[in-house]
Amino acid sequence: MVGPLNHVGVAVPSIEKAAQTYRDLYDIADITEPSEMPTQGVRFCFVNLENSQIELIEPLGDNSPIEKFLEKNPKGGQHHVCFEVKDINKAKSEMERKGATVLNEPRIGAHGTLVIFIHPKDNNGVLIELMETPK
Ligand code: CO
């Protein structure tokens, strides 16, 4: 059902500082400009690798869903893993059929396509994002 790994999400207190770490330590120059998704309470940018991406996410606004995560992990930490799927609605019903907890209705994610999140309790402690492959 799932296609390639699209990205690994990393929550950080400052995406500018985190991006600088990838520049300084790993010589990665290809890092996108930060963008905002106010409806989801995050600022984000992508660190582009040859075969995948790291998505840096920072809380935005008062009710950011990653605020709690950063309270537990003040320096930041690995937050989710994202796999591509062809059809998000199919993926959602398939996950539900298999008894997994889907955390949200499909909504537009950082790549501009629909995404859902699967509860960590179903994935050995890992929050998994499924995103529809961009056309
Ligand atoms: Co993501």
Next on the checklist: Here's a check for you: in region 45-62, which residue that is part of a loop (DSSP other than H, G, I, E, B) and more than 14 Å from the ligand (Cβ to nearest atom) is surrounded by the fewest Cβ atoms within 10 Å (Cβ to Cβ)?
Outcome noted: 50
Next on the checklist: Given the criterion within 16 Å of the ligand (Cβ to nearest atom) and under 16 Å from residue 127 (Cα atoms), identify the matching residue among 15, 66.
Outcome noted: 66
Checklist entry - Out of region 49-74, which residues are over 14 Å from the mean Cα position of the chain (by Cα) and within 14 Å of residue 7 (Cβ to Cβ)? => result 49, 50, 51
Next on the checklist: Could you list, ordered by first residue, the pairs with Cβ atoms under 6 Å in which the first is in region 52-67 and on the phi > 0 side of the Ramachandran plot and the second is more than 12 Å from the ligand (Cβ to nearest atom) and in a loop (DSSP other than H, G, I, E, B), at least 6 apart or interchain?
Outcome noted: 61/41
Next on the checklist: Could you check region 79-112 and list, in sequence order, the residues that are of a type in the set (D, E, K, R), in a helix (DSSP H, G or I) and surrounded by 14 or more Cβ atoms within 10 Å (Cβ to Cβ)?
Outcome noted: 92, 94
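Does residue 106 satisfy the condition of being within 15 Å of residue 128 (Cβ to Cβ), of a type outside the set (Phe, Trp, Tyr) and within 16 Å of the ligand (Cβ to nearest atom)?
On the way: within 15 Å of residue 128 (Cβ to Cβ): yes; of a type outside the set (Phe, Trp, Tyr): yes; within 16 Å of the ligand (Cβ to nearest atom): yes.
Considered against the rule, which asks whether it is within 15 Å of residue 128 (Cβ to Cβ), of a type outside the set (Phe, Trp, Tyr) and within 16 Å of the ligand (Cβ to nearest atom), residue 106 comes out as yes.
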Checklist entry - Are any residues in region 28-44 within 14 Å of the ligand (Cβ to nearest atom) and either more than 15 Å from the chain's Cα centre (by Cα) or of a type in the set (S, T, N, Q) (or both), and if so, which ones? => result 32, 35, 40
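Okay, residues lined up against (1) touching a His at 6+ places or on another chain (Cβ under 8 Å); (2) farther than 23 Å from residue 21 by Cα:
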residue	(1), (2)
38	no, yes
44	no, no
52	yes, no
59	no, no
71	no, no
82	yes, no
88	no, yes
106	no, yes
119	no, yes
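For region 24-38, give me each residue that is outside any loop (DSSP other than H, G, I, E, B), of a type outside the set (D, E, K, R) and either touching a strand residue (DSSP E or B) at 6+ places or on another chain (Cβ under 8 Å) or surrounded by 13 or more Cβ atoms within 10 Å (Cβ to Cβ) (or both).
Going through region 24-38, the residues outside any loop (DSSP other than H, G, I, E, B) turn out to be 24-26, 31, 35-38.
Going one step further and asking which of them are of a type outside the set (D, E, K, R), we end up with 25-26, 31, 35, 37-38.
31, 35, 37 - these are the residues of region 24-38 that are outside any loop (DSSP other than H, G, I, E, B), of a type outside the set (D, E, K, R) and either touching a strand residue (DSSP E or B) at 6+ places or on another chain (Cβ under 8 Å) or surrounded by 13 or more Cβ atoms within 10 Å (Cβ to Cβ) (or both).
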Checklist outcome for this item: Of those in region 113-129 that are away from the ligand (no atom under 12 Å from the Cβ) and assigned to a loop (DSSP other than H, G, I, E, B), the residue farthest from residue 46 (Cα to Cα) is 124
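Taking the options 11, 110, name whichever one is touching a Phe, Trp or Tyr at 6+ places or on another chain (Cβ under 7 Å) and at pLDDT below 95.
On the way: 11 fails: at pLDDT below 95.
From the options 11, 110, the qualifying one is 110.
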Checklist entry - Can you tell which of 76, 41 is touching a residue at least 24 places away in the same chain (Cβ under 8 Å), surrounded by 13 or more Cβ atoms within 10 Å (Cβ to Cβ) and more than 17 Å from residue 115 (Cα to Cα)? => result 76
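The values are calculated or read from the model by the stated rules, or taken from the named source; none is laboratory data. Keep in mind that what you see is a predicted model, and the values were worked out from it rather than measured. Reconstructed Cβ throughout: ideal geometry from the backbone, glycine too, with neighbour counts over all protein chains shown.
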